[in-house]
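Down below is the structure, laid out as structure tokens.
Since every read-out is calculated from the coordinates, none of them should be taken as a lab result. All values derive from a computational prediction rather than experimental measurement. Here Cβ is always computed from backbone atoms with ideal geometry, including for glycine, and neighbour counts include all displayed protein chains.
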Amino acid sequence: MAGWRRWAGLALAWTLLLAPPVLAQRNLPAQPGERRVALVIGNNAYPRAPLNNPVNDANDISAKLRLLGFEVIERTNLKTSQIGRTLREFRTRLAPGSVALIFYAGHGLQIRGENYLPTIDADIEGEEDVPNQALSVRQMLELLDESKTRLNLVFLDACRNNPFSRKFRSAGDGLAKVTAASGTLISFATRPGSVAADGEGRNGLYTTHLLRAMDLANQPVEQALKRVVTGVRQASKGQQEPWMEGSIEGDFYFLPQAASPEASTANTTRSRQEAIDQAVQEALRRSNEQAAKDRAAFEASMAKMLQEALARQNALIESERKTRETAEASQKPAAPRGDEWEYVSHEEKQGKKQKLVFRTKAAVPGTGVLEELEVDGKLAHEWVFGSQLTAVGVPIESEFVVGPYWDGQMGGKATVVGPSLCTTVVGISCELDLKPAGTERISVGAGSFDARKYEGWLVVRNPGAGRSLSGPVTLWYSIQDRRLLKQVVAMNGTGTYFNFKTTLQLTAVRRDLR
């Protein structure tokens, strides 16, 4: 799944960037050699008050700015842990004399005249929590000032209702007025202290008109923003009016007047290539982050499931042991013990060996034979075996062993029963599916036997996770003795989960030990 996201993201980046947009043909910097750097953030996924447009706003603004010659650092649904490295990356891209731009769409709030832009995972219970779980507008302006940039443009589509206002003592509506340093122009989606609607289309109302203004050729930025004010005010019937603070020296044009065809072609080629490179890098970064999150979540889930399964398995074994000891101590002696069939299980990948012993206890009229199973000298469980195929779950690497007294007349299916990962991990089940594969003479540790050979599969299903595993099974069974002689099972799971190749064979037979 992670690989699919990676290539889907790359394909989308190339599809969008290689399409022939009209704007790209006019893509020129404001001045020859001028460096333009933008930080674009859009936050949708607030648990308490989700929004519709900000991620779309950030994506569309980023695409537009790349075509206008900007290097873009784009973040969507920013988390608290990402604030520091995002600002560091932005700072390292800025150089003295460059043009810097910040665009933010999402929730915004003010506390005692300070403006903050909360992350999507902000857990804000009071005013004191805000500075550590939000972007500070003042801090970002100080970063721009320290970088000695030529010109700074800040666009804040963040005047929506404050979802945390009930928990604050001094918070006001919208954002507070900001005094901008010379060379900095700040554009708010609406007047200080007012709120803006999230928007019903793909983009918020303010961002819609800002995108249009960026397409205006040979328009100074102040004139372009006046058009934004007029467009938003008319579209909202006067309910929302963008606001601008600060001043800049000289002129800045998002889209300057077109140069000669030769210069235009050269700049277009260079800018489109830079935009392609940035888009591909951004797609790779997003896919890698998502793949890492998916992998960590899966590993944590499987580790938790394994711990719970092992705890239940150990509890089941301990309960059966105590029940047996209590019964033996308080009731009459158990039925005389009979034959013993000893097996050795060898797991090749880890080199682990275990000993299993089936011991006959008593006949159960009309049903079958009661036997007990020991694993490495400890009682695993007791079971009544009849003529049907039985796959007994046991705490060994292969997770099961075919039980005795099966008539073996044909292949069959059997669900693994008894304490093993197949039965104690929540949501997981294992099924054995066998078919006859001929007869042959086989030699094992206990001697030579005429055997019927079966081949098939062990299928492990986890419907809750939407996945399953399967591995081949080969076994040899004595119809005369109604006993398993040898079985080989291989599985290639994830990590240590159902990842083994185990051979189990009969090593000794001890008859009539009563």
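Quote the FRET efficiency, to the nearest 0.05, computed for Asp121 versus Ala362 with a Förster distance R0 of 56 Å and r equal to the Cβ-Cβ distance.
E(calc), rounded to 0.05, equals 0.35.
Taking Cα pairs under 8 Å and at least six residues apart, what relative contact order does the stretch 31-257 come out at, in percent?
The normalised contact order for the stretch 31-257 reaches 19 percent.
If you keep only loop residues by DSSP, which trypsin sites (Lys or Arg not before Pro) in the stretch 40-124 have at most 15 other Cβ atoms within 10 Å of their Cβ?
Arg48, Lys79, Arg112
Where does the charge balance sit around Gln234 when Lys and Arg score +1, Asp and Glu -1, over other residues with C-beta under 12 Å from its C-beta?
+2
Hey, could you get me the Stokes-Einstein D for the stretch 31-257, Kirkwood radius over alpha-carbon pairs, 4 °C and 1.567 mPa s, rounded to whole µm² s⁻¹? Write out the running numbers ahead of the final one.
Numbers: Rh = 17.4 Å.
Here the translational diffusion coefficient equals 74 µm²/s.
Antiparallel DSSP bridges in the stretch 31-257: what percent, to the nearest 5?
Once the DSSP bridges in the stretch 31-257 are tallied, antiparallel ones form about 35 percent.
Work out the count of Lys pairs in the stretch 31-257 where the Cα-Cα distance is under 23 Å, with the pair 8 or more places apart or on different chains.
Going through the stretch 31-257 pair by pair, I get 5.
What ³J(HN,Hα) values, in whole Hz, does the Karplus curve 6.51 cos²θ - 1.76 cosθ + 1.60 give for the stretch 281-297 when θ = phi - 60°, with x put for Gly and Pro?
Taking θ as phi minus 60°, the curve returns 4, 5, 5, 5, 4, 5, 5, 5, 4, 5, 4, 5, 5, 4, 5, 5, 5 Hz for the stretch 281-297.
Which loop GluC sites (Glu not before Pro) in the stretch 122-159, with loop taken from DSSP, have no more than 12 other Cβ atoms within 10 angstrom of their Cβ?
Glu125
Quick check: net charge around Ser301, other residues with Cβ under 14 Å of its Cβ, Lys/Arg +1 and Asp/Glu -1?
+1
Read phi for every residue in the stretch 455-461 and hand back ³J(HN,Hα) as whole Hz from Karplus 6.51 cos²θ - 1.76 cosθ + 1.60, θ = phi - 60°, with x for Gly and Pro.
In residue order, the calculated couplings are 10, x, 9, 9, 10, 10, 10 Hz.
Amide H to amide H under 5 Å from Gly97: which residues, 5+ apart in sequence or cross-chain, H placed 1.01 Å off N in plane?
When sequence neighbours closer than 5 places are left aside, the close amide H contacts are Thr149, Arg150.
List, in the order given, every pair from Lys322/Lys361; Lys453/Lys501; Lys304/Lys355; Lys322/Lys501 whose Cα-Cα distance in the structure shown is over 22 Å.
In this structure, Lys304/Lys355; Lys322/Lys501 lie more than 22 Å apart at Cα.
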